[in-house]
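The values are calculated or read from the model by the stated rules, or taken from the named source; none is laboratory data. Worth saying up front: this structure is predicted, and the values here are computed from it rather than measured. When we count neighbours, we look across all protein chains shown, and the Cβ atoms used for this are built from the backbone with ideal geometry, even at glycine. Ligands, DNA and RNA are excluded from the accessible area calculation, which covers all protein heavy atoms including side chains. Shrake-Rupley method; radii C 1.70, N 1.55, O 1.52, S 1.80 Å.
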Amino acid sequence: MSNNQAVLDFFVRHGVRPLPIGDAALSVAYLDVGLIDSLGIVTLISELESKLGVQFSAEDMQSYEFQTVGGLIAILDRLTGTSG
């Protein structure tokens with residue numbers, strides 16, 4: 001499973017509303033729009049770390065990138081050494 005698909009699947013299952021279609025989904029600041037809450041962040045981190053075999057650093061989670069769907073995918077791409 002690609003990083004992109006893992007992130008999008010997470011939001012399909014746990015988001016309180018659907019993500020926009022296509023590239024518009026990448027710019028969604030999921031906390032700002034209330035797609036998930038603080039418990040959702042814990043679930044997000046735990047699930048992605050387990051599923052993809054990565055570990056987010058404190059710097060990753062505090063970065064601006066971590067705030068958007070596309071940024072989260074970019075962090076995962078770096079952590080897994082893949083693209084998409």
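Things to note:
- Per-selection Kirkwood Rh - the chain (Cα, Å, 1 d.p.): 12.6
- Dipole magnitude for the range 27-84: computed about the Cα centre from +1 point charges on Lys and Arg Cβ and -1 point charges on Asp and Glu Cβ, it is near 140 debye.
- With 0.36 nm allotted per residue and the present C-alpha distance subtracted, the Ala29-Gln5 stretch has 6.9 nm of extension available.
- Residue-span extension gain [Leu39 to Tyr64] - 0.36 nm each, minus C-alpha spacing: 7.1 nm
- Computed over protein heavy atoms with a 1.4 Å probe, the carbon and sulfur contribution to the accessible area of the chain reaches 55%.
- Cβ-Cβ FRET estimate between Glu47 and Arg17, R0 fixed at 25 Å, reported to 0.05: 0.85
- Residues in the chain average 57 Å² of solvent-accessible surface per residue, probe 1.4 Å, ligands and nucleic acids excluded.
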